[in-house]
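Encoded as structure tokens, the structure appears first; notes follow it.
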Amino acid sequence: MPEKSISGMARIVSMHQEMLNDAKWYLEQAEQEAKKDPSSFSLWREVRATVMFSVASIESFINALAHDFVQQNNTLDQTIKDYLTESRTRYKKGTPETEPNVFIPLEEKLIGWTKVLTGNEFPHADTLWENFKKVLDFRNDLLHFKVGKSSQVYANGDVDLARLAVKSAKAIIERFYQCRGETTPGWVHTAYRQIT
């Protein structure tokens, strides 16, 4: 998506690209911190941010594609439209009413939505998927933090997991483009870039 300028300093950016870019930046910071002090709280913070932004970039990516697909296909069956917009249409006295916010897990979005958007299966029985699930599980442990699991969460949050998070985000996005029969855009694999 091309960058568009609004009045003054505001810019519209592709959020999934920006989130992946942020993940790459936090990974760079984590790698630098790991060399200085592998037990620092700053490292833990940078690992967390890397994981959160990596997973968020994947979800933002698939959500944007689904939204665009719905917008471009006015004749979609209502069931498919509801599925891709995470909503549900109910009919009350013959009048359709849409109820938003039906939760669809990220794994289902990748597997199910990819089938709808591309007509192809999203492979999910390999090392790439296992690595993604490891990162996603860690992200979920962070978001749904429980004191009883804190030592496990802290123990698993290291620079290797941060590297795996960025690697997984890039690989998952690349896999979607493969399912669609397209070349992966350069923004996926480029190093961190500063937007000015």
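Values for this structure:
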{"read-out": "Cα gyration tensor, the stretch 69-196 - rounded (a/c under 1.5), prolate or oblate", "value": "oblate"}
{"read-out": "Sorted by Cβ density within 10 Å, fewest first, the residues VAL116, VAL47, VAL188, VAL70", "value": "VAL116, VAL70, VAL188, VAL47"}
{"read-out": "Amide proton proximity set for PHE122, modelled H, under 5 Å, gap of 5+", "value": "LYS115"}
{"read-out": "Sequence of ARG180, ARG48 once ranked by neighbouring C-beta atoms within 10 Å, starting from the fewest", "value": "ARG180, ARG48"}
{"read-out": "Amide H partners (placed H, <5 Å) of THR89, local residues excluded", "value": "GLU99"}
{"read-out": "Phi to ³J(HN,Hα) by Karplus 6.51 cos²θ - 1.76 cosθ + 1.60 over the stretch 159-175, Hz, x for Gly, Pro", "value": "5, 5, 5, 4, 4, 5, 4, 5, 4, 5, 4, 4, 5, 5, 5, 4, 4"}
{"read-out": "CD proxy at 222 nm, helix term only [per DSSP H run n ≥ 4: -39500 (n - 2.57); per residue of the chain; nearest 500]", "value": "-19000 deg cm²/dmol"}
{"read-out": "Ranked list, fewest to most other Cβ atoms within 10 Å of each Cβ, for TYR91, TYR192, TYR26", "value": "TYR91, TYR192, TYR26"}
{"read-out": "Above-threshold pairs, the threshold being 26 Å between Cα atoms, out of LYS24/LYS81; LYS24/LYS134; LYS35/LYS109; LYS109/LYS170", "value": "LYS24/LYS81; LYS35/LYS109"}
{"read-out": "³J(HN,Hα), Karplus 6.51/-1.76/1.60, whole Hz, each residue of the stretch 125-136, x for Gly, Pro", "value": "9, 8, 4, 4, 5, 4, 5, 4, 4, 4, 5, 4"}
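Rule-based calculations on the coordinates, nothing more; no lab input. Since the model is a prediction, treat every value here as computed from it, not as a measurement. Cβ sites come from the backbone with ideal geometry, for glycine too, and all protein chains shown count toward neighbours.
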